[in-house]
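K.L.:
Before I ask anything, let me first share the structure, which is written out below as structure tokens.
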Amino acid sequence: MFLQSLLYSFLFSNAALLAASTQSQSPTDYLEKIRHSQNLLTAFFSNMPKGGDLHHHYSGSVYAETYLQYALQKDLYFNPERLTIAENADEYHTKKMSDFAKDKNFILYQEALIKKWSIKDYLPTDGPSDKHFFSTFPAFTIPANRVVKEGLLELKQRAKLERVAYIETMLNRIPTTINMQTMQYLNADLRTAQQSENATQVKQDLNTLYVYLKQQNYHTVAQRYNDSFITPLHSELKIDDSDFTMRYQNYVLRFMSPIEIFRDMLIAFESANTNPLVVGVNIVAPENNEISMQDYWLHMQMYQFCHVLYPKVKYALHAGELALGLVKPEELTWHIHDAVYTANASRIGHGVDIAHETKCYDLLKTMKEKKIAVEINLTSNEFILHVKEDKHPIMLYYTEGVPVVISSDDAGVLRTNLTEQYVLLAKRYPYLSYLDIKEIVLNSIRYSFIKETALKERILSKIQLEFKNFESLFY
């Protein structure tokens, strides 16, 4: 009992110390005192300016409750056994949600949909975490595509409340009706060239595709997307204001056929090249997907080809979102390398397998010298890859001088926010001081793809002023 009382006394005295006033001490000293208190860290980082969120998927960042609200308002067709929704009746969806509304179990169906559309209440017995995560996106596709306006405004409002000044979101795959049927033969040619890493043959095939797509006026598809969707949407919603800015990345899908992904990539680059609101082109879908792994080298060649055509377009690439055990060990040794050296990526998304990369120190040195920032997503990496704490490479990047930014990835699916990412950062990596974390925040604007130099400088200046106001709380 004496030892128990002593322990309680120690805990309560520490709690009193941690709860002491923030006055008359620097934010650096205060942060060191609260490193192990989740609530005190949350309060600290909720009030701290957080700059930008650079690795951000639009559809995965809107919370499932918003998608559910749409399904209820539009009274979509619902299958309670499959937990799926549809806009029109079919063999699986014969009744509308209103038909089930009087059922006393309807609230349970709604809760089940939220769990299916996010990681809420996820248990290991529910299956592999990575499979569950990626299965959420096709499940909520219908509402995600219908509530873009509401979703973007939700993200803006949440960001402002959270003291986030900038979001660079992966918004869309640009739709197109360009028919690739006559070019189908090039799928086999490209994959044959890939087997022997024949870059010369790949470039010849891609040039053939490029000539065909020029004839099909691919640039008009991009222009139509910019003029009829991005620009009017951004303007109508009044997204930008004195406290908040948003920019967009187009994306292509890793699991499509080579000729289709190249078509989409060209359109995405053209869009980014001709609209200041579209600042980059990314590539999405599970990196360990069979086609993603098979065609990764080829995709990097495509980015290189597009980079020559559009040298001013910057882009971040999901690369190295892999871990030991998820794929064969040799597959961990080259993805970030090729994203940097072949594809010429301006930022790397995730980069979790960096320690396994061949000549990783040379690669890290290159990233440092070329100022290729790495987008760190702590909650995402923990849930999808089971990589956290000292298994995570963030300190490897940091100690080797690679610019680091902290991002949320898919806050809606992951039931998190950017504040929590900074809480995890401070709690798990005590080597990083307050000043180090402040630099990471500033990096999120410095390494953003904002095209307007004056705008970037204005946002940086405003954040610096907000930091002064924040730090004044501690004196």
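K.L.:
So what is the relative contact order of segment 239-386, in percent, for Cα pairs below 8 Å that sit 6 or more residues apart? All intermediate terms of the calculation are to be shown ahead of the outcome.
P.N.:
On the way: 225 pairs, mean separation 28.3, N = 148.
Normalised by residue count, the contact order of segment 239-386 is 19 percent.
K.L.:
What does the accessible area of residue 399 come to, in Å² to the nearest 10, when a probe of 1.4 Å is used?
P.N.:
Surface accessible to solvent at residue 399 totals approximately 80 Å².
K.L.:
What figure in square angstrom, to the nearest 10, would you give for the accessible area of residue 257 with a 1.4 Å probe?
P.N.:
30
K.L.:
Output ³J(HN,Hα) for segment 38-54: one whole-Hz value per residue in order, computed from phi by the Karplus curve 6.51 cos²θ - 1.76 cosθ + 1.60 with θ = phi - 60°, and x for Gly and Pro.
P.N.:
Listing the rounded values in order: 4, 5, 5, 5, 4, 4, 4, 7, 5, 8, 7, x, 10, x, x, 10, 9 Hz.
K.L.:
How do 413-425, 210-222 rank on mean C-beta neighbours within 10 Å, highest first? Walk me through the numbers before you get to the answer.
P.N.:
Working: 413-425: 22.2, 210-222: 16.1.
The peptides rank, most packed first, as 413-425, 210-222.
K.L.:
Show that you can apply the helix-only estimate: for the chain, add -39,500 (n - 2.57) for every DSSP H stretch of four or more residues, divide by all residues, and state [θ] at 222 nm to the nearest 500. Mind dumping the intermediate values first?
P.N.:
Details: 24 runs with 251 residues, N = 475.
So the helix-based figure for the chain works out to -15500 deg cm²/dmol.
K.L.:
Shifting gears a bit: List the residues whose amide H sits under 5 Å from the amide H of residue 282, counting only those 5 or more places along or on another chain, with H placed 1.01 Å from N in the peptide plane.
P.N.:
Counting only residues 5 or more places away or on other chains, the set is 250, 251, 252.
K.L.:
Rounded if a/c is under 1.5, else prolate if a/b is larger than b/c, else oblate: which is segment 43-160, with a ≥ b ≥ c the root eigenvalues of its Cα gyration tensor? Can you show the working numbers first?
P.N.:
On the way: a/c = 2.08, a/b = 1.63, b/c = 1.27.
In terms of gyration-tensor shape, prolate.
K.L.:
With the contact rule set at Cα under 8 Å and sequence spacing of 6 or more, what percent relative contact order holds for segment 115-251? Present the calculation step by step, with values, prior to reporting the outcome.
P.N.:
Numbers: 77 pairs, mean separation 51.4, N = 137.
Once normalised by length, the contact order is 38 percent.
K.L.:
Treating only the Cβ of Lys, Arg, Asp and Glu as charged (+1, +1, -1, -1), what charge dipole size does the chain show about its Cα centre? Round to the nearest 20 debye.
P.N.:
Numbers: 49 positive and 55 negative charges, 176 e Å.
My answer is approximately 840 debye.
K.L.:
Hey, which of these cross-link pairs are over 24 Å Cα-Cα: 214/370; 50/238; 238/451?
P.N.:
Working: 214/370 33 Å; 50/238 22 Å; 238/451 19 Å.
214/370, as the Cα separations exceed 24 Å there.
K.L.:
Roughly what angle does helix 290-309 make with the longest principal axis of the chain, taking Cα atoms, 0 to 90 degrees, to the nearest 10?
P.N.:
Approximately 80 degrees, to the nearest ten.
K.L.:
If I compute solvent accessible area with a 1.4 Å probe over the protein chains, what percent of it on segment 335-475 is carbon and sulfur? All intermediate terms of the calculation are to be shown ahead of the outcome.
P.N.:
Working: 2780 of 5350 Å².
Solvent-exposed carbon and sulfur of segment 335-475 make up 52 percent of the total.
K.L.:
A further question on this structure: List the relative contact order of the chain as a percent without decimals, with contacts defined as Cα pairs under 8 Å and 6+ residues apart.
P.N.:
Numbers: 716 pairs, mean separation 99.9, N = 475.
So the answer I get is 21 percent.
K.L.:
Whenever you get a sec, line up 236, 32, 154 from highest to lowest accessible area (probe 1.4 Å, protein heavy atoms).
P.N.:
Details: 236 105, 32 85, 154 35 Å².
Putting 236, 32, 154 in descending order of accessible area: 236, 32, 154.
K.L.:
Looking at this model, which pairs from 312/365; 365/438; 115/314 are more than 26 angstrom apart at the alpha-carbon? Let's see the in-between values first.
P.N.:
On the way: 312/365 24 Å; 365/438 23 Å; 115/314 36 Å.
Beyond 26 Å: 115/314.
K.L.:
If you don't mind, there's one more thing I want to ask. Ignoring ligands, DNA and RNA, how do 113, 455 rank by accessible area with a 1.4 Å probe, largest first? Kindly include the intermediate steps, with their values, before the conclusion.
P.N.:
Details: 113 0, 455 30 Å².
Accessible-area ranking of 113, 455, largest first: 455, 113.
K.L.:
Can you classify segment 158-261 as rounded, prolate or oblate using the Cα gyration tensor, where a ≥ b ≥ c are the square roots of its eigenvalues, rounded means a/c under 1.5, and otherwise it's prolate if a/b beats b/c and oblate if not?
P.N.:
Values: a/c = 3.64, a/b = 2.11, b/c = 1.73.
Here segment 158-261 falls in the prolate category.
K.L.:
For a test of the definition: using alpha carbon positions, the gyration tensor, and the 1.5 limit on a/c, classify segment 415-475 as rounded, prolate or oblate. Spell out each step's value before the answer.
P.N.:
Working: a/c = 2.10, a/b = 1.38, b/c = 1.52.
Oblate.
K.L.:
Residue-wise, which Karplus ³J(HN,Hα) couplings in Hz belong to segment 145-157, taking 6.51 cos²θ - 1.76 cosθ + 1.60, θ = phi - 60°, and x for glycine or proline?
P.N.:
Values, residue by residue: 6, 9, 10, 4, 4, 4, x, 5, 5, 4, 5, 4, 4 Hz.
K.L.:
If R0 is 60 Å, what FRET efficiency do you get for residue 237 and residue 25 from their C-beta distance, rounded to 0.05? Don't skip to the end; give the middle numbers.
P.N.:
Values: r = 42 Å, r/R0 = 0.70.
Computed FRET efficiency for residue 237 and residue 25 comes out at 0.90.
The values are calculated or read from the model by the stated rules, or taken from the named source; none is laboratory data. Quick caveat: nothing in here was measured; it's all calculated off a predicted structure. For neighbour counting, all protein chains shown are included, and Cβ atoms are generated from backbone atoms with ideal geometry for every residue, glycine included. Accessible surface areas use protein heavy atoms only, side chains included; no ligands, DNA or RNA. Shrake-Rupley method; radii C 1.70, N 1.55, O 1.52, S 1.80 Å.
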